[in-house]
Amino acid sequence: MVFRQFQINLVIRIVLLTATIAVTVYLFVNTSIRATPLFLIGATLLQVYALMRYVMKTNRDLARFFQSIRYADFSQSFTDEGRGKIYGELTQTLNDIIKAFQRERIEKEEHYLYLQTVVEHIGIALISFDQSGRVSLINRAAKRLLKVPRLGNVHVLERVSPPLVQTLLNLKPGHRDLVKIEINNEPMQLAVYATELRMRGHAYTLASIQN
């Protein structure tokens, strides 16, 4: 509806500009009066300037709006700067859409923080990694069990237990396996269970490890 009104406003401006030019040409050709045509020329130039400013301002705002969507920058805001009701409705619509994206991002961040807190405090060791072994998640229980302060890639666990690494990388989703390891001269038998997750077209393995 707002964009429809914007189109109507633009058409009206073009029609008025065309009419002004037509009257100016008619008076120049068919009358000897020069003051009125000169006044209309000035009016035509003002209309051209106003039309260009109106369109360019709208294009800049729309370009800024689409860039904010593209780069997920929802800190942008738009003002009508006294350009009238129709332009005000357009900027209000753009601001409403930006606010909707802001609310959605806040809700997602809150949901992520909630899940992150749950994962960190759960007593089962959890590790998530992609096909190259790059770790995207490791919780506190896994760090404590494997005696590692951080983990960027499961291959780093070769120093802890090569059989554990092979089990993590080769265990099929939905399957469970037992692996014996020794950490700090302490023998352990770990139960490893794997499931597959897909996010944005990429496959991840989520492994749970229990002693």
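Of all the helices (runs of 4 or more DSSP H) wholly in the range 60-177, which have at least 1 residues that are exposed (fewer than 12 other Cβ atoms within 10 Å of the Cβ) and assigned by TED's automatic domain parsing to the domain that holds Arg13? Spell out how you get there, then give the answer.
Working: elements: 85-121, 140-146, 162-170.
It comes to 85-121.
Just give me the residues in the range 10-37 being at pLDDT below 70 and assigned to a helix (DSSP H, G or I), in sequence order.
Ala35, Thr36, Pro37
Restricting attention to the range 95-150, which residues are β-branched (Val, Ile, Thr), in contact (Cβ under 8 Å) with a residue 12 or more places away in the chain and farther than 28 Å from Pro187 by Cα?
Listed by number, the residues that qualify are Ile97, Ile98.
Given the residues Glu186, Glu196, which is the only one that is of a type in the set (D, E, K, R) and over 33 Å from the mean Cα position of the chain (by Cα)?
Exactly one of Glu186, Glu196 is of a type in the set (D, E, K, R) and over 33 Å from the mean Cα position of the chain (by Cα), namely Glu186.
The values are calculated or read from the model by the stated rules, or taken from the named source; none is laboratory data. Given the structure is predicted, the values throughout are model-derived calculations rather than measurements. Don't worry about glycine lacking a Cβ; one is built from the backbone with ideal geometry, like all the others, and counts go over all protein chains shown.
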